[in-house]
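The values are calculated or read from the model by the stated rules, or taken from the named source; none is laboratory data. Please read all numbers here as calculations on a predicted model, not as lab measurements. All Cβ positions, glycine included, derive from the backbone under ideal geometry; neighbour counts span all protein chains shown. With ligands, DNA and RNA removed, areas are computed over all heavy atoms of the protein, side chains included. Shrake-Rupley method; radii C 1.70, N 1.55, O 1.52, S 1.80 Å.
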Amino acid sequence: MKIPLSLSLLLLSVLLISYLKYRYTIEIKARRKAEEIIEYMTTHDTLTGLSNRYHFHNCLESELSNKSINSLAVIFIDLDRFKTINDTMGHGIGDRLLQEVSKRLMKCISAEGKLARIGGDEFLIYIPNLDRMKFPNYAESILGYFSKPFEINEHEIYTTLNIGISFYPSDGKDGETLIKKADSAMYQAKREGNKYQLYHSMQVEQMAEKLDVEMNLRKALEHEELFLCYQPKVNLSSGKITGAEALIRWNHPEKGLISPAEFIPLAEETGLIIPIGEWVIRTACMQSMSWQDAGMPPLVMSVNLSVRQLYEPNIVEVIKGILEETKLQPEYLEIEITESMLMDTEQGLKFLKELKGLGVQISLDDFGTGYSSLHYLKEFPINKLKIDQSFVRNCTFDSNDETIVKAIIAMAHQLKLEVIAEGVELIEHLIFLQRILCNEAQGYLFSKPLSAEEFVHKYENIEQIVINYGIPQELSNQKWMEEAVEVDRRELIDMVRHQQGMIFKFIKEDEKFIHTLCAGELTYQMGLLPEKIIGREPIDFLPISNALEKTKFYQRAWDGEENVLYQGKLNGVHYIASLRPIRKGGKVIEVIGTCIEITKINRNDKILN
Ligand code: C2E
Ligand code: MG
Ligand code: MG
């Protein structure tokens with residue numbers, strides 16, 4: 001059929017119009033979508049999906065212009081130590097943490113409220129109709145959401161918040177002022193270690209004071225206003241001073257003595273800790289050498305290191321240079337670091353290995369308070385754990401702290417680490433720590449931190465304290481002997497386990513040697529099963545000639561021979577066994593046997609022969 005030209009043209013134009021309409025709708029939709037995306041991106045934070053500062057500010061202004069509003073709280077939240085987490089665990093984990101924190105904060109706001117992330121680790125909330133009276137309950141509920149750790153990539157991360165609050169209308173009538181005041185209240189909370197802080201005008205003066213202190217701290221090094229005190233560390237077995245911790249002080253020209261707890265955080269914030277930290281190491285090493293030169297027994301000088309110093313690329317070189325310059329032998333320098341500094345295990349391990357390579361000692365300060373992941377203790381070349389004073393303070397009357405202190409000591413000794421307790425103030429602390437075999441102690445009971453002269457002056461008196469007030473030396477020695485036997489026993493078991501050997505025990509009852517223990521990989525390789533051995537004598541599970549031969553060796557050990565050795569072969573496995581009698585009151589009460597495999601050695605011997 002032939003379609004007339006005019007109809008064809010008409011059809012074509014209809015089709016063209018429909019197509020153009022269709023394209024137009026698509027383009028409009030795409031443009032709208034693009035506009036929505038742009039709108040979203042300019043008003044939201046892409047990491048958490050929360051409003052950004054700009055959007056928050058607009059919403060807050062429109063809320064404040066709402067005539068029905070009586071009161072409103074603006075809450076500024078900052079995460080404690082987020083920078084450390086980011087620096088040490090990596091940005092991936094930092095980002096995940098921020099997302100999880102946002103989810104928890106979302107739970108804290110009502111339908112009329114708003115939450116925004118305004119950059120880094122800072123969040124803003126506003127809640128209409130929340131006044132000063134009601135605020136404490138609300139703040140506690142926010143803090144409650146953060147009492148549990150965040151679990152991110154197998155890390156348990158605890159994070160605390162610093163919260164600053166301002167109120168409409170008393171602290172300001174517009175959004176900008178309210179945000180600014182909540183921000184400065186948050187800084188005050190952070191500085192003073194409060195959980196939350198309401199804005200009040202005093203803060204302005206305090207901020208100015210902080211700036212003033214910062215400027216003075218910059219000059220403190222040049223003006224020689226910084227100095228070190230030395231607090232003795234005492235061996236709990238002998239009572240002798242084994243070392244000293246160098247602790248910094250600032251003699252401010254107007255304010256007098258300022259404690260490190262006040263100015264070290266500021267020094268860290270401003271980066272001044274780098275020159276100050278280097279000065280501390282040099283001064284402490286020089287002091288240690290000058291005591292040695294004066295004829296004092298060599299002491300281990302401990303120096304605290306800040307996280308900021310740990311990440312200085314040349315820190316190990318700096319320490320090495322100071323050791324060379326002062327001629328202090330490296331084993332007499334100990335670096336104290338805290339657990340949280342090792343959260344980035346890779347960087348931590350690299351640093352510690354390099355430090356260890358210099359021959360200096362490393363101790364983990366404030367142990368128990370940080371991000372306690374115990375597995376790294378095995379990995380890191382650490383010499384000593386320093387139990388935090390918060391556990392020591394109550395260890396004689398708080399059963400939880402008692403258990404923690406005992407557990408730290410037992411675990412440390414298993415890992416062949418020494419333990420020092422800090423904050424030892426009472427004789428009760430001393431006796432408790434001696435009884436549970438803590439190696440060393442430091443605290444006001446022995447001495448407060450002293451000037452170098454006072455340290456020398458009081459040296460002999462300090463060394464009398466354990467002798468005069470501690471448990472008698474013989475008892476202390478006996479406890480250490482018992483511990484040494486226990487360590488030997490554990491090592492034996494570990495060795496057998498490690499070498500995939502076998503350990504067994506037997507007793508003699510009614511003229512029969514009965515096995516009371518049998519464990520280890522080798523048992524199975526020999527075709528035996530522990531349950532077929534325990535409670536039985538050799539004849540029950542070995543071929544008769546083999547069993548009779550064994551019985552003779554067993555008898556020799558039972559008669560008291562110290563180290564009965566024999567070789568054997570069972571189901572193709574060659575082994576060497578050793579028997580050791582265990583005595584009580586001079587009488588043998590059981591025998592411990594260990595077996596290790598020597599099949600390969602035997603084969604090689606044959607080849608060589
Ligand atoms: P830290 O390293 O844990 O030092 C122990 C703190 O406990 C010292 O406080 C010490 O005076 C105090 N202390 C010792 N025995 C007792 C006791 O029996 N009871 C009580 N209540 N306290 C006791 P200090 O000297 O105020 O130092 C505080 C913190 O400042 C140190 O804690 C350390 O983290 C830091 N610090 C001190 N000097 C330096 C330094 O040169 N560099 C760095 N980076 N940090 C330092
Ligand atoms: Mg310390
Ligand atoms: Mg400490």
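Tabulated data for the structure shown
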read-out: Cα-derived Rg over Rh, computed across region 146-234 with Rh taken as Kirkwood radius; value: 1.17
read-out: Degrees between helix 315-326 axis and first principal axis of the chain (Cα, 0 to 90, nearest 10); value: 50
read-out: Signed unit charges on C-beta, dipole axis of the chain, positive-most listed residue I75, L358, S8; value: S8
read-out: Helix 473-498 axis, angle to the chain major axis (alpha carbon atoms, nearest 10°); value: 80
read-out: For the chain, the spread of Cα positions along each principal axis, largest first, Å; value: 116, 99, 50
read-out: Overall Cα dimensions of region 250-326, principal axis frame, Å, largest first; value: 38, 34, 17
read-out: Nearby lysines by direct alpha-carbon distance to K195 (threshold 18 angstrom, same-chain neighbours under 8 apart not counted); value: K134, K148, K181
read-out: Note, ³J(HN,Hα) from phi for region 251-260, Karplus 6.51, -1.76, 1.60, rounded to Hz, x at Gly and Pro; value: 9, 6, x, 9, 7, x, 6, 10, 7, x
read-out: Computed label-point distance, nm, for sites C59 and N394 using a 7 Å Cα→Cβ extension; value: 4.0
read-out: Residue (of M106, A116, T84) at the positive-pole extreme of region 79-121, dipole from beta-carbon charges; value: M106
read-out: Stokes-Einstein translational diffusion, region 391-547 - Kirkwood Rh over all Cα pairs, 0.890 mPa s, 25 °C, in µm²/s; value: 125
read-out: DSSP beta bridges in the chain [antiparallel fraction, %, rounded to 5]; value: 70
read-out: Nonlocal Lys pairs with alpha-carbon distance under 21 Å, region 373-485 (8 or more apart, or different chains); value: 13
read-out: Estimated Rh, region 194-328: Kirkwood, alpha-carbon pairs, angstrom; value: 16.9
read-out: In Hz, Karplus ³J(HN,Hα) per residue of region 95-105 (6.51, -1.76, 1.60; θ = phi - 60°; x = Gly, Pro); value: 5, 4, 4, 4, 5, 5, 4, 4, 4, 5, 5
read-out: Length added when fully stretched, Y469-K448, from 0.36 nm per residue minus Cα-Cα; value: 5.8 nm
read-out: Amide H partners (placed H, <5 Å) of L542, local residues excluded; value: none
read-out: Kirkwood Rh and Cα Rg combined as Rg over Rh, evaluated for region 184-268; value: 1.14
read-out: Mean accessible surface per residue for the chain, computed with a 1.4 Å probe while every protein chain stays in place, in Å²; value: 53
read-out: For region 560-567, Karplus couplings with θ = phi - 60° (6.51, -1.76, 1.60), whole Hz, Gly/Pro x; value: x, 5, 5, 9, 7, 10, 8, 10
read-out: In degrees, nearest ten, helix 135-145 long axis to first principal axis of the chain (Cα); value: 50
read-out: Added length on full extension, which subtracts the Cα-Cα distance from 0.36 nm per residue, F541 to R556; value: 3.3 nm
read-out: Charge dipole magnitude, Cβ of K and R +1, D and E -1 - the chain, Cα centre, debye nearest 20; value: 2460
read-out: Stretch gain in nm, segment Q99-Y145, where the contour uses 0.36 nm per residue and the Cα spacing is subtracted; value: 15.1 nm
